[in-house]
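Chemist: I have a structure I would like to understand better, so I am pasting it below and will then ask my questions one at a time.
The values are calculated or read from the model by the stated rules, or taken from the named source; none is laboratory data. Bear in mind the structure is a predicted one, so any value in this text is a computation, not a measurement. Here the Cβ positions follow ideal geometry from the backbone for every residue, glycine too, while neighbour counts run over all protein chains shown. Side chains included, ligands, DNA and RNA excluded: accessible areas come from the protein's heavy atoms. Shrake-Rupley method; radii C 1.70, N 1.55, O 1.52, S 1.80 Å.
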Amino acid sequence: MDLVVERDYPTLSRAAADVVTDLLTVKPDARLVVATGETPLGLYRNLADRKTRGEIDTSRLRIFQLDEYLGLTSDDSRSLYRWMREVFLEPLAIGDHQVTRLPGDAANPSEACRAYDRAVEQAGGYDLAILGLGPNGHLGFNEPPSDADTPTRVITLTPETVHSNARYWGGEDRVPRQALTAGMKHLLAARHILLLVSGQGKKEILARTLEGPVTRELPASFLQRAQRVTVISDRDAMPTSPASLAGEV
Ligand code: F6R
């Protein structure tokens, strides 16, 4: 696992955009699974600027949705697909036909999750997983406890996640209590995982992710065993122990 510590959020976002740009250069038809949330917004803005300047080609990308609230249509203002469309897909001119969704409004959500996993497998897995770190150590909505081999599935959000997601939608009452999440199994098997972590509030959970025991009670700790992980953190989120500091740039 590589830890890259950047000065601040703008440099973190540019460094993350460089990782994605490098991948697109060598593999224009890469398969990406992408997070919503606040942390990757700067990365997506950087990529959109590069797209506008003609520096990257997104026409052959294949995108997989990371998670979605259960019971929402894709045009609900709280839909994570809608969020992804606004901050990532449209600015990067990625069409709906390039996206494998996790449909929150599926008639049979469990079957939709199985179909999603089949699609990931048929695509040969993810080339790059762009992930944020939940305050409770979740990846996607793989809430604790989540084992390393969990499939894509319907999950009940923990009170901590409901609380943290309330900032997106203006109150806990507006946060759906269940969600669909890409499973840990395919996420951990991604050929490259990019974990973005920003802000003081993530400092403790990042330290536990990097150096704590590997446990289903902190799903992100399984990243310690994944094949290729790059953690890009800003200084505010940087763990202070000597082992982690070794990776500072
Ligand atoms: C969002 C997602 C979540 C977030 C995590 C961090 O699609 O999957 O795991 O990445 O909760 O959220 P932020 O970046 O808002 O702190």
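Chemist: Based solely on its DSSP helices, what 222 nm [θ] is calculated for the chain when runs of n ≥ 4 H residues each add -39,500 (n - 2.57) and the sum is averaged over all residues, nearest 500 deg cm²/dmol? Before the final figure, lay out the partial values.
Modeler: Values: 8 runs with 78 residues, N = 249.
-9000 deg cm²/dmol, from helical runs alone.
Chemist: Could you name the lysines in cross-link range of residue 203, using Cα to Cα under 24 Å and dropping any fewer than eight places away on the same chain?
Modeler: Straight-distance partners of residue 203: none at all.
Chemist: For the chain, with the dipole built from +1 on Lys and Arg beta-carbon atoms and -1 on Asp and Glu ones, taken about the Cα centre, which of 205, 229, 87 lies farthest toward the positive end?
Modeler: 229
Chemist: What distance in nm separates the simple spin-label points at residue 77 and residue 121, each placed 7 Å from Cα in the Cβ direction?
Modeler: Simple spin-label model gives 4.1 nm for this pair.
Chemist: Which of the three applies to region 1-141, rounded, prolate or oblate, going by the alpha-carbon gyration tensor with a ≥ b ≥ c and a/c under 1.5 meaning rounded? Please report the intermediate quantities before stating the final value.
Modeler: Working: a/c = 1.59, a/b = 1.39, b/c = 1.15.
Judged from the Cα gyration tensor, region 1-141 comes out prolate (a/c at least 1.5, a/b above b/c).
Chemist: While we're looking at this one, here's another question. Under a 1.4 Å probe, what is the accessible area of region 54-213 per residue, stated in Å²?
Modeler: Values: 6410 Å² over 160 residues.
It amounts to 40 Å² per residue over region 54-213.
Chemist: Taking a ≥ b ≥ c as the square roots of the Cα gyration tensor eigenvalues, with a/c under 1.5 meaning rounded and otherwise prolate when a/b beats b/c, else oblate, which class fits the chain?
Modeler: Working: a/c = 1.38, a/b = 1.09, b/c = 1.26.
In terms of gyration-tensor shape, rounded.
Chemist: Which FRET efficiency value, to the nearest 0.05, do you get for residue 55 and residue 8 by plugging their Cβ-Cβ distance into 1/(1 + (r/R0)^6) with R0 = 35 Å? Walk me through the numbers before you get to the answer.
Modeler: On the way: r = 23 Å, r/R0 = 0.65.
E(calc), rounded to 0.05, equals 0.95.
Chemist: Arrange the peptides 83-94, 44-55 so that the one whose residues have, on average, the most other Cβ atoms within 10 Å appears first.
Modeler: Numbers: 83-94: 18.2, 44-55: 15.8.
Going by the mean number of other Cβ atoms within 10 Å, highest first, we get 83-94, 44-55.
Chemist: Here's another thing I want to ask about it. Determine the share of region 21-60's accessible area contributed by carbon and sulfur atoms, expressed in whole percent, with a 1.4 angstrom probe.
Modeler: Ligands and nucleic acids excluded, carbon and sulfur give 45 percent.
Chemist: What is region 121-249 by shape, rounded, prolate or oblate, if you read a ≥ b ≥ c off the alpha carbon gyration tensor as root eigenvalues and call it rounded for a/c under 1.5, prolate for a/b larger than b/c, and oblate otherwise?
Modeler: Numbers: a/c = 1.79, a/b = 1.12, b/c = 1.60.
In terms of gyration-tensor shape, oblate.
Chemist: Please enumerate, by chain and number, the lysines with C-alpha under 29 Å from the C-alpha of residue 27, excluding those fewer than 8 residues away in the same chain.
Modeler: Those lysines meeting the cut-off are 51, 185.
Chemist: I'd like the carbon and sulfur percentage of the solvent accessible area for region 149-249, probe radius 1.4 Å, heavy atoms only, ligands and nucleic acids excluded.
Modeler: Details: 2360 of 4680 Å².
Solvent-exposed carbon and sulfur of region 149-249 make up 50 percent of the total.
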